[in-house]
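Beneath this line is the structure, given in structure tokens, with notes to follow.
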Amino acid sequence: MTGTDGQAGGTGAGPAPDPAGDGHARVRRSYDTVAEEYRARIGDELAGKPLDRALLGALVEETADGAVIADLGCGPGHIAAWLAGRQRRVVGVDLSPAMVAIGRDRHPQAEFREGDLLRLPAGDAEFDAAVALYSLIHLDPGELSPALAEIRRVLRPGAPLLVAFHIGTEVRNLTEWWGHAVDVDFHHLRPDAVAGALREAGFRIEAELERAPYPHEAATRRAYLLARRED
């Protein structure tokens with residue numbers, strides 16, 4: 001799972017087992033296939049996303065210098081690098097080995113680990129904050145709650161979590177991406193459903209925002225939820 005709106009989701013323990021089977025394997029292969037072009041096209045996307053920068057900045061202000069922030073579904077690492085540039089320690093986690101390799105090569109100021117949202121390569125309460133931007137969208141419906149419970153496990157009590165996703169109820173299957181053959185599903189999600197799953201997983205919702213797409217983005221409405229792990 002990579003961590004941008006990929007529609008156009010370290011200590012390195014090595015590749016984590018695929019607890020969800022073929023679905024996650026398809027996502028992994030697809031992002032490995034487009035990794036270099038993805039970086040070239042989306043690696044500087046924050047420059048054109050003022051709301052994303054503001055929300056990430058708010059998350060940074062919630063933490064102290066040297067705090068450890070997880071970028072869950074980090075893609076090629078550009079968001080992790082942005083956070084690391086604000087005097088934070090950052091650990092990017094991605095399902096795609098090719099994305100992790102790009103992150104390590106281009107952004108040595110951050111740490112990168114290969115892993116799955118259902119089985120994160122991190123210890124209990126390891127992180128002071130986390131972001132999951134457009135990475136939940138590759139989970140099947142039954143995987144959302146287990147993934148959020150796993151995210152809660154790796155956050156310290158009281159830690160903030162920022163998630164972003166495409167709004168809707170449809171599932172889009174992509175078989176061609178920038179001229180490459182892929183097989184990956186993009187799940188559009190209802191904000192109330194994600195908020196409910198967060199609450200059930202032990203988070204408190206502190207802010208909910210929606211926005212229209214920017215001209216250079218896929219034509220989907222976006223949601224952002226800022227939550228906090230309950231004690």
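Summary of values
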{"read-out": "Computed helical MRE - 222 nm, the chain, DSSP H runs ≥ 4 contributing -39500 (n - 2.57), nearest 500", "value": "-9500 deg cm²/dmol"}
{"read-out": "Under Karplus coefficients 6.51, -1.76 and 1.60, residue-wise ³J(HN,Hα) of the range 89-102 in Hz, glycine/proline x", "value": "7, 10, 10, x, 10, 8, 6, 8, x, 5, 5, 4, 4, 5"}
{"read-out": "Accessible-area order (highest first, 1.4 angstrom probe) of the listed residues THR220, THR169, THR175", "value": "THR169, THR175, THR220"}
{"read-out": "Relative contact order for the range 53-166, counting Cα pairs under 8 Å that sit 6 or more residues apart, in percent", "value": "26"}
{"read-out": "Extension gain from GLN87 to GLN109, taking 0.36 nm per residue of separation minus the Cα-Cα distance", "value": "6.9 nm"}
{"read-out": "Loop GluC sites (Glu not before Pro), the range 135-194, which have at most 10 other Cβ atoms in a 10 Å radius of their Cβ (DSSP)", "value": "GLU170"}
{"read-out": "Estimated vicinal HN-Hα couplings, Hz - the range 107-116 in sequence order (Karplus 6.51, -1.76, 1.60; Gly, Pro = x)", "value": "10, x, 6, 10, 9, 10, 10, 8, x, 10"}
{"read-out": "Which labelled figure in [x] 16.6, 46; [y] 15.7, 47; [z] 16.5, 56 is Rg and Dmax of the Cα atoms in Å, once derived from the coordinates", "value": "[y]"}
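The values are calculated or read from the model by the stated rules, or taken from the named source; none is laboratory data. Predicted, not measured: the structure shown is a model, and the values here were computed from it. As a convention, Cβ positions derive from the backbone with ideal geometry for all residues, glycine included, and neighbour counts pool all protein chains shown. We work out accessible area using only protein heavy atoms, side chains counted, and drop any ligands, DNA or RNA first. Shrake-Rupley method; radii C 1.70, N 1.55, O 1.52, S 1.80 Å.
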